[in-house]
1. I want to make sure I understand the PRE zone here: with the label point 7 angstrom from the Cα of Phe60 toward its beta carbon, which residues in the range 99-117 have backbone N atoms less than 12 Å away?
2. Under 8 Å for C-alpha pairs, at least 6 residues apart: give me the relative contact order for the range 1-91, rounded to a whole percent.
3. Using only the Cα atoms, what convex hull volume per residue in Å³ does the range 36-125 have?
4. Net charge near Glu105, counting Lys/Arg +1 and Asp/Glu -1 over other residues with Cβ under 14 Å of its Cβ?
5. Any chance you could tell me what percent of the C-alpha pair distances in the range 1-46 go past 17 Å?
6. Using the Cβ atoms and a cut-off under 10 Å, what net charge is assigned to the surroundings of Tyr12, where Lys and Arg are +1 and Asp and Glu are -1?
7. Going by Cα centres, the range 1-33 and the range 46-81 are how many Å apart?
8. Between Asp101 and Val19, what is the label-point separation in nm under the 7 Å Cα-to-beta-carbon projection?
Amino acid sequence: MFKYRSLRKWKYQLIQDYVIETGILIPGLIYTDYFEMEAGGKLTIKSGYAWDGATFYPDFKDIMRGSLVHDCLLQMVAEHFIAPECRKLADNLLKKICLDDGMSEVEAHLVHGAVRNYSKSKGYV
């Protein structure tokens, strides 16, 4: 189950933990107040985590879960918990989640292309 609420500063906040297998392998456990990741790639985003939804795309139901996971993973990259190369895996996971949540193939391709192009424009991997 995926539950969240709207906020003012950030746009959304989880109201219960959310767990997903990311496929991102790390050498050990990452643990913070708002997320944790196991060596096998299992990510738990904890209740209370806040994020801003999708960037340059309406916050429709088919992107909400993907934007949550993507934002958390990019925060993990920015805070050096996971390698910059994981950004591409995060972008691919965003597309997969959006498709799983009912986004059309065309829209998911556009969303994926936008995040990849943004990464490249900023010099990220």
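Read-outs: derived from the displayed coordinates by stated rules, not from any lab. This is a predicted model, so every value here is computed, not measured. Cβ placement follows ideal geometry from the backbone for every residue including glycine, while neighbour counts extend to all protein chains displayed.
1. 99, 101-111
2. Working: 136 pairs, mean separation 20.6, N = 91.
Once normalised by length, the contact order is 23 percent.
3. Values: hull volume 9.0 nm³, N = 90.
Residue-normalised Cα hull volume stands at 99 Å³.
4. Numbers: positive: Lys95, Lys96; negative: Asp62, Asp100, Asp101, Glu107.
Counting the neighbours of Glu105, the net charge comes to -2.
5. On the way: 414 of 1035 pairs.
Cα-Cα pairs of the range 1-46 separated by over 17 Å account for 40 percent.
6. Values: positive: Arg5, Lys11; negative: Asp52, Asp59, Asp71.
Overall, the nearby charge balance is -1.
7. 8 Å
8. 2.0 nm
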